[in-house]
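Asker: One structure, as structure tokens, below. Some questions next.
No value in this document is a laboratory result; all are computed from the given coordinates. Not measured: the values here are computed from a predicted model. Cβ placement follows ideal geometry from the backbone for every residue including glycine, while neighbour counts extend to all protein chains displayed.
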Amino acid sequence: MLIRGLYEIAIPVRQLQKAESFYRDVLGLEVGLRDEQRKWLFLRAGGAAGMIVLQEYAVEFPRYHFAFAVSEPDLQEAEAVLRKSGVPARGPIFHGWMPGTSLYFEDVDGHELEFFAPRQDGRKSDASAS
């Protein structure tokens, strides 16, 4: 058996409606399915390529880190969208060992999110990175 990728991740949230606004309005994800009984919201990430499931919990939960693959042009656009939405971001930061560039920010529940743009040309350095 060979894992070929990641299809779905579940992110715990305190208030589903507030988290939905962030993931839909700021990150641009589309609703796939709303499960009112469980208080879960399935959002499409990359079309049919995967899902992000927001799961409302009344209890405390740890903050997690999630990284999402984006293209290099989309990474630049994301930085502008986050700034316009009032979401503080760190980066872009180039990681030569991967190689690729990351932009870090937090969602409304304090989870650290990352947009990661893999380097398409394979070079392990970037003179323009911060």
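Asker: Using the Karplus equation 6.51 cos²θ - 1.76 cosθ + 1.60 (θ = phi - 60°), what ³J(HN,Hα) coupling, rounded to whole Hz, does each residue of segment 107-115 give in order, writing x for Gly and Pro?
Answerer: Values per residue, Gly and Pro as x: 8, 5, 9, x, 5, 7, 10, 9, 9 Hz.
Asker: Given a 10 angstrom Cα cut-off, can you work out which residue in Ala58, Ala67, Ala78 is the most mobile in a GNM of the chain?
Answerer: Ala58
Asker: Can you put Arg38, Arg14 in order of Cβ neighbours within 10 angstrom, beginning with the fewest? If you can, show how the numbers build up before the last one.
Answerer: Numbers: Arg38 9, Arg14 15.
Ranked by crowding around the Cβ, least crowded first: Arg38, Arg14.
Asker: Tell me, in nm to one decimal, what length is gained between Glu112 and Glu77 on full extension, where the rule is 0.36 nm per residue of separation less the Cα-Cα distance?
Answerer: Numbers: separation 35, 0.36 × 35 = 12.60 nm, distance 1.89 nm.
Length gained, Glu112 through Glu77: 10.7 nm.
Asker: Can you sort Met51, Met1, Met98 from fewest to most other Cβ atoms within 10 Å of each residue's own Cβ? Each step should come with its number before you reach the end.
Answerer: Details: Met51 17, Met1 3, Met98 13.
Exposure proxy ranking, most exposed first: Met1, Met98, Met51.
Asker: What percent do you get for the relative contact order of segment 8-118 when only Cα pairs under 8 Å and 6+ apart count? Mind dumping the intermediate values first?
Answerer: Values: 195 pairs, mean separation 28.0, N = 111.
Reported relative contact order: 25 percent.
Asker: Helix 72-84: angle to the longest alpha-carbon principal axis of the chain, degrees 0 to 90, nearest 10?
Answerer: Relative to the chain, helix 72-84 is tipped by roughly 60 degrees.
Asker: Same structure, new question: Sort Trp40, Trp97 so the one with the fewest other Cβ atoms within 10 Å of its own Cβ comes first.
Answerer: On the way: Trp40 16, Trp97 6.
With the fewest neighbours first, Trp40, Trp97 line up as Trp97, Trp40.
Asker: Work out the FRET efficiency for Ile9 and His95 from their Cβ-Cβ distance, taking R0 = 22 Å, and round it to the nearest 0.05.
Answerer: Values: r = 21 Å, r/R0 = 0.95.
Using R0 = 22 Å, I get an efficiency of 0.60.
Asker: Before rounding to the nearest 500, sum -39500 (n - 2.57) across all DSSP H runs of length at least 4 in the chain and divide by the residue total; then give [θ] at 222 nm in deg cm²/dmol. Can you show the working numbers first?
Answerer: Values: 2 runs with 19 residues, N = 130.
Mean residue ellipticity at 222 nm (helix-derived): -4000 deg cm²/dmol.
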